[in-house]
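Quick notes on the structure that follows.
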Amino acid sequence: MSLSGRHRIVIIGGGAAGMASAASARRADPHCEIIVIERGAYVSYANCGIPHFISGVVRDIHELVIYTPEYFRKERGIDVRTHSLAQAIDHRIRQVNIVDLAARSTYSLGYDSLILATGARPRMPRNIPADAMNVFTIRNLEDALRLESFISGGAVKNAVIIGGGWIGVLFCEAFTSRGIAACLIEERGQILPGFDREISLLAEREISGKGVTIEKGIEVREFLKDAAGMVHRIDTDRGYIDADLVLVAAGVEPVTELFAEGIPGDSSGAIMTDERMKTSIDGIFACGDCSPAFHLVAQKSVYHPLGTTANRQGRVAGENAAGGHARFPGILGTQALKVYSMEVARTGLSSLEAQAGGFRLLEALTISPSRARYIPGGCSITTKVLFDASTGLLRGAQMWGAQEVTKRIDIFVPIIHNRMTVTQALDLDISYTPQCSPLWDPVLFCLREAKRIFDARR
Ligand SMILES: Cc1cc2nc3c(=O)[nH]c(=O)nc-3n(C[C@H](O)[C@H](O)[C@H](O)COP(=O)(O)OP(=O)(O)OC[C@H]3O[C@@H](n4cnc5c(N)ncnc54)[C@H](O)[C@@H]3O)c2cc1C
């Protein structure tokens, strides 16, 4: 309880999860005291927009700030403290120690409820010289400004991206649209490892077609520095690769050291919570990229950090920290991204995840038109679905194409979420108009093929 006698909620982290929890706590309790502690200069920022700032589509970084600290203070009565680092938590006396980075002073803050929304940090493979001036990672707006300022210096001709996951793929376009030659290095045998091989190969073809060199299954031996301490060449088992800039996009890990003691984490180190986003310590909640999420198909907790999940979990944590009873049901791992002019999206299990989870699934893969054939301007859409071999329950879907793929994948979401079979899904009343879809939309087309395969096996 604060001096004013009001319930005090302290939130550590002003990213998507932290600010969603602050707004939700305010909706749940108009009178409680809410304090957000953020070590950086910005809160409520869209880091998803950073590749588009680097490419030049977004001209001013401030366009990526959704709400300012002043807005939260004035309009929502939320006390946002930027340049403030939460240094330690003493949960026995419900207190957080804070460093005011601007004033260079420390103070303690008591809480009734504490929300941990510290997010994630880029993973840095051991052999990469993180201290070199031309080695970058991207997580927040400060990182984006540093990268932009280096590129604006004009000396970057070759960029090497370490990691062929979705962030690495997004930066291929960001760099090539600035006239920078990009090389994407992926140690595994395919890029976009969350997708099945057929879909990932389509993405690869699109990216290579835009002039990006893709090196898969390559071993990086050493990052060689010049006299100024900059990485200028990378030694690999396939020879040297020149680099004026290295972007490390090798995945992320949860930021948890602040509360490593006493709060159990999962195998990735992320803070475990129940469906109300409560940790095992009374009064402490966790949400967003610092915590795992329950996968509704895999039926287990997974670390799958995404902005959508961070927002949803944040809303639940905030409402409950203010005394509510919200619950977070879980995720399907739904994800979408643009690969140059194409779209790729997935939901549910991939083949690899299904295999790891011991699922016995069948698959259907189809290529079908996005519009009625007589309407010009359509394209082909590749759809893959995975379904249970004995029950026909739909377990996963992936799509690739140039038109409305990211929204079409959303049709599969309620089908999988509500545990429908391919036969039941085929009965859904999905819309049709020739300019936007054929009578058998790619979603239905693939489900029909899945049903044919399923029926043929019975
Ligand atoms: C380039 C890029 C593109 C992306 N695109 C997409 C997309 O298209 N779709 C999607 O769903 N997701 C996307 N994401 C992922 C999404 O941005 C994250 O999942 C989301 O930001 C997670 O929010 P969060 O609040 O949990 O963590 P964060 O955004 O990491 O916020 C955590 C905050 O906590 C602060 N903090 C940490 N420790 C402390 C401390 N001790 N004291 C004070 N403050 C602290 C940090 O400074 C940070 O501001 C993208 C991410 C990146 C980097």
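With the cut-off at 1.5 for a/c, could you classify segment 319-364 from its C-alpha gyration tensor as rounded, prolate or oblate? The shape class here is oblate. Within segment 215-273, the trypsin sites (Lys or Arg not before Pro) that combine a DSSP coil assignment with at most 15 other C-beta atoms in a 10 angstrom radius are Arg238. Close amide H partners of Arg139, meaning residues 5 or more places away or on another chain with modelled amide H under 5 Å apart, are Ala144.
Note on segment 203-257: the alpha carbon radius of gyration divided by the globular reference 2.2 N^0.38 Å gives 1.42. Protection proxy ranking, highest mean first, for peptides 426-436, 171-181: 171-181, 426-436, where packing is the per-residue count of other beta-carbon atoms within 10 Å, averaged. The GluC sites (Glu not before Pro) found in segment 252-285 that occupy coil by DSSP, while having at most 11 further C-beta atoms within 10 Å, are Glu261. Computed over the chain, the per-residue total of -39500 (n - 2.57) for DSSP H runs of n ≥ 4 gives a 222 nm mean residue ellipticity of -7500 deg cm²/dmol, rounded to 500. Protein heavy-atom surface of the chain, 1.4 angstrom probe: 51% of the accessible area is carbon and sulfur, with nucleic acids and ligands not counted. Sparse packing (at most 10 other Cβ atoms within 10 Å of the Cβ) combined with a DSSP loop state is found for the following chymotrypsin sites (Phe, Trp or Tyr not before Pro) in segment 331-375: Tyr374.
Between Lys157 and Phe294, the contour length at 0.36 nm per residue exceeds the alpha carbon distance by 45.0 nm. Karplus-based coupling profile of segment 18-33, in residue order and whole Hz: x, 6, 5, 5, 5, 5, 5, 4, 5, 5, 6, 9, x, 9, 6, 9, with θ = phi - 60° in 6.51 cos²θ - 1.76 cosθ + 1.60 and x standing for Gly or Pro. Please work out the Cα center distance from segment 132-206 to segment 1-66, rounded to the nearest Å. Rounded to whole Å, the Cα centres lie 27 Å apart. Taking the centroid of alpha carbons for each part, segment 394-411 and segment 276-325 are 26 Å apart. Paramagnetic label reach from Ala356 (point 7 Å along Cα→Cβ; backbone nitrogen cut-off under 19 Å): within segment 295-310, residues 295-307, 309. Measuring with a 1.4 angstrom probe and ignoring ligands and nucleic acids, Arg448 comes out at about 100 Å² accessible. Ranked from largest to smallest solvent-accessible area, with a 1.4 Å probe on the protein heavy atoms, Ser105, Ser149 come out as Ser149, Ser105. FRET efficiency for the Ser55 to Asp455 pair, using the beta carbon distance and R₀ = 30 Å, is estimated at 0.05. Here Lys216 is the anchor, and the lysines within straight C-alpha reach of less than 29 Å, apart from those fewer than 8 places off in the same chain, are Lys157, Lys225, Lys338, Lys384.
Note that segment 134-147 has calculated 3J(HN,Hα) couplings of 9, 9, 10, 10, 10, 9, 9, 5, 4, 4, 5, 5, 4, 5 Hz, one per residue in order, obtained from phi through the Karplus relation 6.51 cos²θ - 1.76 cosθ + 1.60 (θ = phi - 60°); glycine and proline are x. Rg/Rh, computed from the Cα trace of the chain with Rh as the Kirkwood radius, has the value 0.99. Length gained on full extension, Ile375 to Val413, computed as 0.36 nm times the residue gap minus the Cα-Cα distance: 10.9 nm. With protein chains left intact and a 1.4 Å probe, residues in the chain average 45 Å² of accessible area per residue. For segment 223-380, the equivalent ellipsoid derived from the Cα gyration tensor has semi-axes of 34, 30, 17 Å, listed largest first.
Between Asp90 and Arg126, the contour length at 0.36 nm per residue exceeds the alpha carbon distance by 9.7 nm. The string of couplings for segment 206-219 from the Karplus curve (6.51, -1.76, 1.60, θ = phi - 60°) is 5, 5, 4, x, 8, x, 7, 7, 10, 10, 9, x, 9, 9 Hz, one whole number per residue in order, with x for Gly and Pro. Here's how it looks for Thr236: its modeled amide H is under 5 Å from those of Arg221, Ile241, which are all 5 or more places away or on a different chain. Remark on Ile331: its backbone amide H falls under 5 Å from those of Phe294, His295, Leu296, a criterion applied only to residues 5 or more positions apart or on other chains, H modelled at 1.01 Å from N.
The values are calculated or read from the model by the stated rules, or taken from the named source; none is laboratory data. Treat the numbers as computed from the prediction; the structure is a model and nothing was measured. Heads up, the Cβs are rebuilt from the backbone with ideal geometry, glycines too, and the neighbour counts pull from every protein chain shown. For accessibility, only protein heavy atoms count, side chains too; no ligands or nucleic acids. Shrake-Rupley method; radii C 1.70, N 1.55, O 1.52, S 1.80 Å.
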